[in-house]
1. What are the residues whose amide H is under 5 Å from the amide H of M146, where those residues sit 5 or more places off or on another chain and H is modelled from the backbone?
2. Arranged from highest to lowest average of other beta-carbon atoms within 10 Å per residue, in what order do the peptides 149-162, 75-88 appear?
3. Using modelled backbone amide H atoms (1.01 Å from N, in-plane), which distant-in-sequence or interchain residues come within less than 5 Å of F245's amide H?
4. Work out, step by step, the length gained on full extension between I183 and A85: first 0.36 nm times the residue separation, then minus their alpha carbon distance; give nm to one decimal.
5. Find how much the distance from A152 to E168 grows on full extension, using 0.36 nm per residue of separation minus their present alpha carbon separation; answer in nm with one decimal.
6. Need one number: nm distance between label points at I255 and E126, each 7 Å from Cα along Cα→Cβ, rounded to one decimal.
7. Among T171, T142, T274, what is the fewest-to-most ranking by other Cβ atoms within 10 Å?
8. I want to check the label-to-label distance for T117 and T274. Put each point 7 Å from Cα in the C-beta direction and report it in nm to one decimal.
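Quick note: the coordinates plus some simple rules give every number you see, no bench work behind them. Model, not experiment: these values are computed from the prediction. For neighbour counting, all protein chains shown are included, and Cβ atoms are generated from backbone atoms with ideal geometry for every residue, glycine included.
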Amino acid sequence: MKKIIYSFVMVVVLALTACASPAGVGTTQPLTADQAATIAAATMQALPTNTPMPPTAGACQVPTLKASDAPSDCFNGSGGPVACAGLDLLGVEAGLLIKSLPELADLPDFPIGFVVTFVDPPQVTEEFTLYLYLDLDENAVTGLDMSFGASALPGIDRLIGVTLPSGESWTQAVAKGGYDAEIIRDEAQVSARVVGDRVIVLVFPKLLEDGFVAEGEQTPPPLGSLITVGYSFQLPVGGRVVSPFTLYVGTTRSIDALDLFNGNQGIHAPLSMTVSENAQYNPCAGGS
């Protein structure tokens, strides 16, 4: 092997020497052993290697659902277009958002969230309601059919509402009690805040499990208290079994002022958005 490297070095040296010799000069100075070794080292350093590059700081990204909605597409109960006046939905993001939103640094116990962006800041409009319709088992047959008119909202298991601009939030397990299901106003389960043109809704993870709706809701213990034996306080990175669920988003001030998050579909057709398992646990933490 040493002979091969030495022969390769000598060929390179001779070629460089021949190119460097000025016209009319027929002799060159012989290279010393140290000079040859220096050239060999420089040549080997210039060769490409297969050493992997270290991962960048942003290489581990938590995936989320992201979607956009057409502006100025509000409608009334007859299906005709109307002025949105603050109802106009623009974008939605859902999933494990606690690490990506600096506004949530003071709420570490709410890892799952929804960020709904409006065309106009909700603070400057008259009161209306933001609705998050959740089909937790992705089965249109189960749950409550909350469709109205030409707008299809089948199989809804849980409804989350936020009154704007105040930000007061509540939830209903409509799969169990229909439209008359108990309205729960508990910031330990659902909390919302308005930040500029966005509404951030944070949800206790268990509320996104279909089995939690069927078996009966379990209020989480107060923050800072001991968790009693038998209580299951599972987080997405702590063993919680997650499954995809379907999300619909809408706003309403009255029957004559509505907007549904519809993407590129008709203004009456709510967009069925799937929040995947990957968006509900942190791959950077090494487990689900």
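1. Hits under the 5 Å cutoff: L153, G155, I156.
2. Working: 149-162: 20.6, 75-88: 15.7.
In decreasing order of mean packing, 149-162, 75-88 become 149-162, 75-88.
3. Residues meeting the criterion, in which the H sits 1.01 Å from N, are V275.
4. Working: separation 98, 0.36 × 98 = 35.28 nm, distance 2.74 nm.
Using 0.36 nm per residue and subtracting the Cα-Cα distance, I get 32.5 nm.
5. On the way: separation 16, 0.36 × 16 = 5.76 nm, distance 2.63 nm.
Taking 0.36 nm per residue and subtracting the Cα distance, the gain is 3.1 nm.
6. 1.8
7. Values: T171 24, T142 17, T274 13.
By the 10 Å Cβ count, ascending, the order reads T274, T142, T171.
8. Modelled inter-label distance: 2.4 nm.
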